[in-house]
Amino acid sequence: MNLCINYFEWVSGDFCGLVETAKANGLVVHDYISRCLQHIAEQPNNLEPLLPWNIERG
């Protein structure tokens, strides 16, 4: 059970980091997370396009 709690804390921390990154850079949170998930599924070794300053603001 301790392992599950630690995993949840790790995942939730990463997710909160994505949310705060989007907010801090004036991005729409839902759109940014959707884009990140789609991009990672298609190109898991190419993460540079996901940096906030590489995202076009709509």
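The values are calculated or read from the model by the stated rules, or taken from the named source; none is laboratory data. As the structure is a prediction and not an experimental result, all values here were calculated from the model. As a convention, Cβ positions derive from the backbone with ideal geometry for all residues, glycine included, and neighbour counts pool all protein chains shown. SASA here: full protein model, heavy atoms, side chains in, ligands and nucleic acids out. Shrake-Rupley method; radii C 1.70, N 1.55, O 1.52, S 1.80 Å.
Checking every one of the trypsin sites (Lys or Arg not before Pro) in region 21-58 against DSSP loop status and a limit of 11 other Cβ atoms within 10 Å picks out Arg57. Label-to-label distance for Asn25 and Asn54 is 0.9 nm, based on points extended 7 Å past Cα in the beta-carbon direction.
Could you please put Leu47, Leu18, Leu37, Leu27 in sequence from largest to smallest accessible area, using a 1.4 Å probe?
Values: Leu47 90, Leu18 55, Leu37 115, Leu27 25 Å².
So the residues, ranked largest to smallest area, are Leu37, Leu47, Leu18, Leu27.
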